[in-house]
Amino acid sequence: MNSVIKGASYVLVHTPDMVLYNGTTQTTERVVNPDSEYLKAVPEHLRSYEEAVSYWPNQTYIGNAHPDELAEIRIENLVIHRMYRHF
(Lines give C-alpha, C1' and ligand atoms only; values in the text may rest on other atoms or scores of the structure.)
Protein backbone atom coordinates (compact mmCIF):
# COMPACT_ATOMS: atom_id res chain seq x y z
CA MET A 1 0.00 0.00 0.00
CA ASN A 2 1.28 3.45 -0.93
CA SER A 3 0.48 6.58 1.05
CA VAL A 4 -0.30 9.89 -0.60
CA ILE A 5 -0.21 13.33 0.99
CA LYS A 6 -3.14 15.25 -0.47
CA GLY A 7 -2.71 18.49 1.42
CA ALA A 8 -0.81 20.34 4.09
CA SER A 9 -1.33 23.45 6.14
CA TYR A 10 0.09 25.57 8.93
CA VAL A 11 -1.60 26.28 12.20
CA LEU A 12 -0.85 29.04 14.66
CA VAL A 13 -1.82 28.24 18.24
CA HIS A 14 -2.09 30.81 21.03
CA THR A 15 -0.61 29.23 24.19
CA PRO A 16 0.57 31.98 26.56
CA ASP A 17 0.58 29.65 29.59
CA MET A 18 3.18 27.51 27.86
CA VAL A 19 5.68 30.35 28.16
CA LEU A 20 4.91 30.76 31.84
CA TYR A 21 5.32 27.14 32.84
CA ASN A 22 7.45 25.46 30.17
CA GLY A 23 10.02 27.99 29.01
CA THR A 24 13.60 27.06 29.90
CA THR A 25 14.38 30.42 31.48
CA GLN A 26 11.15 30.43 33.47
CA THR A 27 11.49 26.86 34.78
CA THR A 28 15.10 27.48 35.81
CA GLU A 29 14.23 30.78 37.45
CA ARG A 30 11.32 29.14 39.31
CA VAL A 31 13.78 26.66 40.86
CA VAL A 32 16.63 29.10 41.55
CA ASN A 33 14.68 32.20 42.50
CA PRO A 34 10.92 31.54 42.77
CA ASP A 35 10.10 35.08 43.98
CA SER A 36 12.08 36.87 41.27
CA GLU A 37 10.95 40.12 39.72
CA TYR A 38 11.45 38.51 36.32
CA LEU A 39 8.80 35.84 37.00
CA LYS A 40 6.42 38.47 38.33
CA ALA A 41 6.84 40.55 35.16
CA VAL A 42 6.47 37.79 32.55
CA PRO A 43 2.63 37.84 32.41
CA GLU A 44 2.67 41.57 31.58
CA HIS A 45 4.60 40.83 28.37
CA LEU A 46 2.38 38.10 26.94
CA ARG A 47 0.22 38.88 23.92
CA SER A 48 -3.52 38.46 24.14
CA TYR A 49 -5.22 36.26 21.55
CA GLU A 50 -6.33 39.35 19.63
CA GLU A 51 -2.80 40.77 19.65
CA ALA A 52 -1.36 37.45 18.47
CA VAL A 53 -3.88 37.21 15.63
CA SER A 54 -3.31 40.78 14.47
CA TYR A 55 0.52 40.53 14.66
CA TRP A 56 1.51 40.84 11.02
CA PRO A 57 4.32 38.21 11.01
CA ASN A 58 1.78 35.68 12.30
CA GLN A 59 -0.60 36.60 9.47
CA THR A 60 2.26 36.06 7.03
CA TYR A 61 3.11 32.69 8.59
CA ILE A 62 -0.41 31.34 8.15
CA GLY A 63 -0.65 32.65 4.60
CA ASN A 64 -2.95 35.66 4.97
CA ALA A 65 -0.21 38.01 3.79
CA HIS A 66 2.76 37.68 1.45
CA PRO A 67 6.30 38.10 2.86
CA ASP A 68 6.82 41.07 0.52
CA GLU A 69 3.98 42.86 2.31
CA LEU A 70 5.58 42.08 5.65
CA ALA A 71 8.80 43.71 4.53
CA GLU A 72 7.04 47.00 3.92
CA ILE A 73 5.31 47.59 7.26
CA ARG A 74 6.41 48.83 10.65
CA ILE A 75 5.71 46.74 13.73
CA GLU A 76 6.25 48.14 17.20
CA ASN A 77 8.69 50.74 15.81
CA LEU A 78 10.79 48.10 14.07
CA VAL A 79 11.17 47.67 10.36
CA ILE A 80 10.84 44.07 9.26
CA HIS A 81 13.52 43.32 6.67
CA ARG A 82 13.31 40.69 3.99
CA MET A 83 15.07 38.12 6.12
CA TYR A 84 13.11 35.25 4.63
CA ARG A 85 15.27 35.50 1.49
CA HIS A 86 18.34 34.53 3.55
CA PHE A 87 17.02 31.08 4.44
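The values are calculated or read from the model by the stated rules, or taken from the named source; none is laboratory data. Being a predicted model, the structure only gives us computed values, none of them experimental. Virtual Cβ from ideal backbone geometry, glycine too; neighbours counted across all protein chains shown.
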Is the range 66-84 home to any residue that is at pLDDT 85 or above and part of a loop (DSSP other than H, G, I, E, B)? yes
Output the qualifying pairs, or none if there are none: Cβ atoms under 9 angstrom, residues six or more apart or on different chains, first residue in the range 65-82 and more than 18 Å from V53 (Cβ to Cβ) and among the basic types (K, R), second residue in a loop (DSSP other than H, G, I, E, B) and at pLDDT 50 or above. R74/I80
Pull out all pairs, ordered by first then second residue, where Cβ-Cβ is under 8 Å, the residues are six or more apart or on different chains, the first lies in the range 2-18 and is loosely packed, with under 10 Cβ neighbours inside 10 Å, and the second is outside any loop (DSSP other than H, G, I, E, B). Y10/Y61
Of the residues that sit in the range 23-62 and are part of a helix (DSSP H, G or I) and of a type in the set (A, V, I, L, M, F, W, C), which one is nearest to I73 (Cα to Cα)? W56
For the subset of the range 33-53 comprising residues that are of a type outside the set (K, R) and over 15 Å from P16 (Cβ atoms), which member is surrounded by the most Cβ atoms within 10 Å (Cβ to Cβ)? S36
Single condition S48 does not satisfy, out of (1) under 16 Å from the mean Cα position of the chain (by Cα); (2) among the small types (G, A, S); (3) farther than 28 Å from G63 by Cβ: (3)
